[in-house]
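Peer 1: The following block contains the structure, expressed as structure tokens.
The values are calculated or read from the model by the stated rules, or taken from the named source; none is laboratory data. Everything quoted here is computed from the prediction, not taken from an experiment. Every residue, glycine among them, receives a Cβ derived from its backbone with ideal geometry; neighbour counts consider all protein chains shown. The area values use the complete protein model at the heavy-atom level, side chains included, leaving out ligands, DNA and RNA. Shrake-Rupley method; radii C 1.70, N 1.55, O 1.52, S 1.80 Å.
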Amino acid sequence: MPASLVHFSSGEQVRQAARFRRTLFAASGNLDEATRTADEAFDASPNCIIVGVRHAGEIHGMMRIHVAGRDIRHSPARSVFSDVIDPLLDSGFRVVDSSGFCVREDRAAELMRTATRLLAASIHIARRVAPSRMVATARGRHDLFYRQVLGGTLACGPRVYPGRVHPLALYLRRTEDMIDWLNTRQGRRFDLDHADRTIVDRALETIMDSIGSNP
């Protein structure tokens, strides 16, 4: 059975995604139990989409995507880096914040395919809600991936982040520039196929009333 992209939408599915995230961050030594609840509260934000990849009944990876705008600013990254993100929102840009990104490393054969598929979902959403900026938060050891693979720019150095032991830095890029970067260096690797686009578009429809239209 091939792996499938899934949208975690019901209460139990969202709780399942949170448990999966919690388990993987704990295994990597990067789960702060004292602030975990503050991080997981973002799962219930009205502008949040949680996507994952499931194979043979098991979750292989997941990511939480917030679409922030001038009127709805719920976002894990914005809670930490408001001095960087608020000026973008005030200027009329949407900010697509990908957080809680985690992939099972014990499924090495699927690891990169899973990661690429999840990131492609975030890029597709950013394209749909343009004009937008994409942001991501990451530990220092992932710096090369965000800068060299995704073409992100370091917008702010590491800060304490809810739910994480290690401080996270903020990476930022204009959506159109990131897409051009990826198409030039990665081909069409980060394009969703028709089935995945349908799932992500339907998920986006569930939050459109919350995020409203661009000014």
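Peer 1: Taking the Cα centre as origin and putting +1 on Lys and Arg beta-carbons and -1 on Asp and Glu beta-carbons, what dipole magnitude results for the stretch 87-212, to the nearest 20 debye?
Peer 2: 340 debye
Peer 1: Could I ask something else about it? Summarise the accessible area of the chain (1.4 Å probe, protein heavy atoms) by the percent that is carbon and sulfur.
Peer 2: 52 percent
Peer 1: How high is the FRET efficiency from Arg202 to Ala41, r the C-beta distance, R0 35 Å, rounded to 0.05?
Peer 2: 0.90
Peer 1: Could you run the Karplus curve 6.51 cos²θ - 1.76 cosθ + 1.60 with θ = phi - 60° over the stretch 28-34 and give me ³J(HN,Hα) per residue in whole Hz, x for Gly and Pro?
Peer 2: Using θ = phi - 60°, the values come out as 8, x, 10, 10, 9, 4, 5 Hz.
Peer 1: I've got another one for you. For a bin width of 10 Å, list the pair-distance distribution of the stretch 89-215 built from all Cα-Cα distances, rounded to whole %.
Peer 2: Pairs per bin, as whole percents: 11, 40, 38, 10, 0.
Peer 1: What accessible area per residue, rounded to a whole number of Å², is obtained for the stretch 17-154 using a probe radius of 1.4 Å?
Peer 2: Here the per-residue accessible area is 40 Å².
Peer 1: Select from His166, Leu204, Phe190 the residue farthest towards the positive end of the dipole of the stretch 165-215; place +1 on Cβ of Lys and Arg, -1 on Cβ of Asp and Glu, and compute about the Cα centre.
Peer 2: His166
Peer 1: In Å, what is the Rg of the alpha-carbon atoms in the chain, and how long is Dmax?
Peer 2: 15.8, 46
Peer 1: So, R0 is 22 Å and r is the distance between the beta-carbons of Trp181 and Arg159; what FRET efficiency does that work out to, to 0.05?
Peer 2: 0.30
Peer 1: Here is a further query. On average over all directions, what projected area in square nanometres does the stretch 1-119 have, based on the convex hull of its Cα atoms?
Peer 2: Average projection, Cα convex hull of the stretch 1-119: 7.9 nm².
Peer 1: Suppose accessible area is computed on protein heavy atoms with a 1.4 Å probe; arrange His55, His66, His124, His74 from highest to lowest.
Peer 2: Per-residue accessible area, sorted high to low, gives His74, His55, His124, His66.
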